[in-house]
1. Restricting attention to segment 93-113, report how many residues are in a strand (DSSP E or B), open to solvent by less than 30 Å² (accessible area, probe 1.4 Å) and away from the ligand (no atom under 16 Å from the Cβ).
2. Considering only residues of segment 296-317 that are modelled with pLDDT under 95 and small (Gly, Ala, Ser), which is most open to solvent (accessible area, probe 1.4 Å)?
3. Kindly indicate whether Trp336 is buried (at least 17 other Cβ atoms within 10 Å of the Cβ) and either within 16 Å of the ligand (Cβ to nearest atom) or touching a residue at least 40 places away in the same chain (Cβ under 8 Å) (or both).
4. Scanning segment 264-279 for residues that are open to solvent by less than 20 Å² (accessible area, probe 1.4 Å) and part of a loop (DSSP other than H, G, I, E, B), which turns out farthest from Thr227 (Cα to Cα)?
5. From Gly53, Gly58, which residue is in a loop (DSSP other than H, G, I, E, B) and at positive phi?
6. Run Asn116 past the list (1) crowded, with 16+ Cβ neighbours inside 10 Å; (2) within 16 Å of the ligand (Cβ to nearest atom); (3) under 23 Å from the mean Cα position of the chain (by Cα) and report the number of the one that doesn't hold.
7. Would you pick out the residues in segment 181-217 that are touching a strand residue (DSSP E or B) at 6+ places or on another chain (Cβ under 6 Å), of a type outside the set (Phe, Trp, Tyr) and farther than 16 Å from Met130 by Cα?
8. From the set of residues in segment 310-333 that are within 16 Å of the ligand (Cβ to nearest atom) and free of Cβ contacts under 8 Å to residues at least 40 places away in the same chain, which is nearest to Pro193 (Cα to Cα)?
Amino acid sequence: MTTKFFTILLTLVGATFAVAGPEPLIIDDKNPCDSCKWDDHRVDSHAPIGVMGDHTHGKGEWMLSYRYMFMDMRPNYIGSNQVSPAQARGAGFAVAPTNMQTQMHMAGIMYGLTDNLTLAAMFSQVDKSMDHAVANGATFRTSTNGMGDFKFGGLLKIFDDACQRVHLNLMMSAPTGDFKETGLTPLGVRRLPYPMQLGSGTWDLLPGITYLGQKCDFSWGGQLLGTVRLGENSEDYALGNEFTANGWVAYRLSDCVSTSFRATYKNWGDVDGRDALINLPVATARPDLRAGESLDLFGGVNYMFPCGIFKGHRIAAEAGTSVWQDLDGPQLGMDWMVTLGWQKAF
Ligand SMILES: [Cu+2]
């Protein structure tokens, strides 16, 4: 896993220097240290691509975006200790998950209603697969795919001075993703455990606050984000509430390229209630074994095309791994993930 992660990181850094090129590409000739006004056109005026709802737009400006996210989860953890499938089953289960892959395609649209209020919406398509090991030595895989939960709302800028900005994230999530997905297991076709479902089944509030700063060739930011479930879904449960704290710094190598480093702390709760049809002999089916917290580190690169037909298009990549996890286990931990994205404002 570590090798895979560093290979991705090296590729990103390599790509950065390849596109940085020997000649600096000039988009505007303002000295970034002269101004104390926020510069929207800097390549690093957008956060690392794995951060959502990181920026606002000026009045009348539109932005389209696409993100692709891949996450690999393995092995199982009990608390902060990694355990084998046999040890995971030892906690009283006939089956242990061994790894899980999640892919997401996210299409977003933003519109600056005023200089302070940006409207945003995001559609997602989710693809999940999980491998399992049975006590008798057999293995099997379940998979699900389809539309995820639809996210929409506003970003309200409340401070903009001295190259620093603060906005409130006022988003919501609508239960458009299926949460009754079934799959073939050794016990027949059954409703799949909570982590294999595509949506929460509940309306969720996604409140947050984002702080951004830029100075000379550096920029930085911080974001606190919550996921608050509003009530229970039709299957009598709600996924756990979530809390995410992000902090990042970025360095502008040229007008076109910036690199970033991000640290993320996450904390999420157990499933509240229980789906009576999710009753397989595996830890992922237990509502009280879903909570956890983690600290993840990411390296990223942003690139903005300076001229030609792609002028103003932004592309970005970010990859990361978990450096510490404490999970109500047995539960699969995050091994590594990568996010690729494209953005264009009009
Ligand atoms: Cu935008």
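The values are calculated or read from the model by the stated rules, or taken from the named source; none is laboratory data. Because the structure is predicted, anything quoted here is derived from the model rather than measured. Backbone-built Cβ (ideal geometry, glycine too); neighbour counts: all protein chains shown. These area figures cover heavy atoms from the full protein model, side chains too; ligands, DNA and RNA do not enter into them. Shrake-Rupley method; radii C 1.70, N 1.55, O 1.52, S 1.80 Å.
1. Looking only at segment 93-113, we keep the residues that are in a strand (DSSP E or B), and these are 95-112.
Next, only the ones that are open to solvent by less than 30 Å² (accessible area, probe 1.4 Å) stay: 95-97, 99-100, 102, 106, 108, 110, 112.
Among the residues that remain, those that are also away from the ligand (no atom under 16 Å from the Cβ) are: 95-97, 99-100, 102.
Matching residues across segment 93-113 total 6.
2. Among them, the one singled out is Gly308.
3. Numbers: buried (at least 17 other Cβ atoms within 10 Å of the Cβ): yes; either within 16 Å of the ligand (Cβ to nearest atom) or touching a residue at least 40 places away in the same chain (Cβ under 8 Å) (or both): yes.
The answer is yes for Trp336.
4. Filtering segment 264-279 down to residues open to solvent by less than 20 Å² (accessible area, probe 1.4 Å) leaves 264, 271, 275, 278.
Now narrow it down to the ones that are part of a loop (DSSP other than H, G, I, E, B): 271, 275, 278.
Values: Val271: 13, Asp275: 20, Ile278: 23 Å.
Only one residue fits best here, namely Ile278.
5. On the way: Gly58 fails: at positive phi.
Result of the check over Gly53, Gly58: Gly53.
6. (3)
7. Answer for segment 181-217, where residues must be touching a strand residue (DSSP E or B) at 6+ places or on another chain (Cβ under 6 Å), of a type outside the set (Phe, Trp, Tyr) and farther than 16 Å from Met130 by Cα: Thr202, Asp204, Leu205, Leu206, Pro207, Gly208, Ile209, Thr210, Leu212, Gly213, Asp217.
8. Among residues in segment 310-333 that are within 16 Å of the ligand (Cβ to nearest atom) and free of Cβ contacts under 8 Å to residues at least 40 places away in the same chain, the one nearest to Pro193 (Cα to Cα) is Ile315.
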